[in-house]
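Below is one structure, written out as structure tokens, with a few remarks after it.
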């Protein structure tokens with residue numbers, strides 16, 4: 001089985017612990033026995049800049065972002081390389097709403113290098129939405145050869161079901177994400193045809209791999225085939 | 001109040017028309033699951049949410065109209081969908097509060 005956790009926040013996300021350096025995340029993933037992880041910060045990619053200088057301990061890394069769409073739905077964009085993620089980010093950056101960040105209210109937005117040195121702070125809030133529709137963002141993710149995953153679909157304020165009432169039939173997403181085994185069972189009843197990921201949405205090191213999710217290798221490879 | 005009088009009183013721009021109907025009140029929310037659960041038939045729904053799903057929900061709940069407030073933009077294809085489905089869609093620069101205030105005495 002492939003052991004995975006494809007929704008982990010780094011210290012760049014204001015809501016995540018400051019100890020969530022990329023290095024710490026990878027080491028924790030290794031300790032947990034994960035084969036694949038994705039690091040997805042809110043509306044920014046830059047914490048992943050130094051990831052390719054790190055020892056990976058056999059953990060596969062997908063390069064992601066958790067987008068807040070214009071509708072306020074959370075959407076994971078997952079890519080196989082930093083180059084693809086960066087190119088995608090540059091496409092959407094003009095639609096980013098830039099409101100001054102107040103760290104004392106919302107938390108730090110720090111970027112660490114491969115030595116866990118703090119090298120940069122993003123000074124506008126990463127809470128704000130990207131002023132672009134969910135449909136267009138899915139399309140742009142695909143144009144950059146990424147996968148669009150509807151994040152925590154049962155989340156009460158930022159899941160697609162709460163915000164949009166139901167998953168639009170026309171929406172070109174690739175997978176849905178749930179946060180517990182109970183949600184997974186529920187989702188399988190409602191969306192039997194959809195690819196599903198059971199992720200942690202970890203904001204603290206101890207939350208990484210909290211669902212101990214795994215997947216049949218055939219299913220995993222079929223899903224990611226066109227990305228690598 | 002009928003929908004034509006409603007539109008005149010609020011001064012909204014008309015994006016899409018439907019059949020003649022009565023407006024019973026105003027409902028304000030942007031969270032569509034909440035609207036599905038709580039809005040009442042005949043209400044005018046003020047929101048900044050412009051995703052295509054608003055059209056389906058307005059039909060489902062038999063709402064009188066959608067009022068897109070604060071200049072929130074709606075994509076052309078969504079407006080076309082509303083026209084096909086004959087769902088009234090209005091647009092205004094006013095906030096939802098201001099729209100409701102204009103109607104407070106007459107609804």
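Every number in this text was worked out from the coordinates using simple rules, so none of it is lab data. It should be emphasised that the depicted structure is a prediction, and the values quoted were computed from it without experimental measurement. Note that each Cβ is placed from the backbone with ideal geometry, even for glycine, and that neighbours are counted across all protein chains shown.
Annotations for the structure displayed:
- Approximating the spin labels as points 7 Å out from Cα along Cα→Cβ, the residue A:83-to-residue A:193 distance works out to 3.5 nm.
- Peptide A:60-73 is shielded by partner chain Cβ atoms: per residue, an average of 2 of them sit within 10 Å of its Cβ.
- Taking a point 7 Å out from the Cα of residue A:18 in the direction of its Cβ, the residues of segment A:101-126 whose backbone N falls within less than 15 Å of it are A:103-113, A:116-122.
- The Rg/Rh ratio of segment B:40-96, with both radii computed over alpha carbons and Rh defined as the Kirkwood radius, is 0.93.
- Normalised contact order of chain B, rounded percent, pairs of Cα under 8 Å and 6 or more residues apart: 33 percent
- Shape call, segment A:174-228: gyration tensor on alpha carbons, a/c limit 1.5: oblate
- Relative contact order of chain A, defined on C-alpha pairs under 8 angstrom at six or more residues apart (%): 25 percent
- FRET efficiency estimate (nearest 0.05) - Cβ-Cβ, residue A:224 to residue A:53, R0 30 angstrom: 0.80
- Counts of other chain beta carbons within 10 angstrom of each beta carbon in peptide A:79-85 average 0.
- Segment A:20-80 - percent relative contact order, Cα under 8 Å, separation 6 or more: 34 percent
- Inter-chain neighbour count for A:159-165: the average number of beta-carbon atoms from partner chains within 10 Å of each residue's beta-carbon is 6.
- The shape of segment A:116-219 comes out oblate: with a ≥ b ≥ c from the C-alpha gyration tensor, a/c is at least 1.5 while a/b does not beat b/c.
- For chain A, the mean residue ellipticity at 222 nm estimated from helices alone is -7000 deg cm²/dmol, where every DSSP H run of n ≥ 4 contributes -39500 (n - 2.57) and the total is divided by all residues, rounded to the nearest 500.
- For segment A:38-156, the convex hull spanned by the alpha carbon atoms encloses 117 Å³ per residue.
- Sites residue B:107 and residue A:105, calculated FRET efficiency, Cβ-Cβ separation with R0 51 Å, nearest 0.05: 0.85
- Relative to its Kirkwood radius, the Cα radius of gyration of the protein assembly as shown gives an Rg/Rh of 1.03.
- Sites residue B:86 and residue A:113 - FRET efficiency at Förster radius 56 Å, r taken between beta-carbons, to 0.05: 0.45
- When the alpha carbon coordinates of segment A:1-94 are projected onto the principal axes, the ranges are 37, 26, 26 Å, largest first.
- Virtual paramagnetic centre 7 Å along Cα→Cβ of residue A:214, amide N under 17 Å, in segment A:25-47: A:29-37
- Per residue Cα convex hull volume in Å³ - calculated over segment A:1-52: 76 Å³
- Each of the peptides B:43-50, A:36-43 was scored by the mean count of other Cβ atoms within 10 Å over its residues; in descending order, highest first, they stand as A:36-43, B:43-50.
- Summarising the label geometry, the points placed 7 Å from Cα in the beta-carbon direction at residue A:139 and residue B:76 lie 1.1 nm from one another.
- Debye-sum result for chain B in log10 I(q)/I(0), which assumes one identical scatterer on each alpha carbon, at q = 0.15, 0.16 Å⁻¹: -0.51, -0.58
- When both segment A:95-156 and segment A:47-76 are represented by their alpha-carbon centers, they are found 10 Å apart.
- Paramagnetic reach from residue A:156 in segment B:16-36 [backbone N under 14 Å; point 7 Å along Cα→Cβ]: B:34
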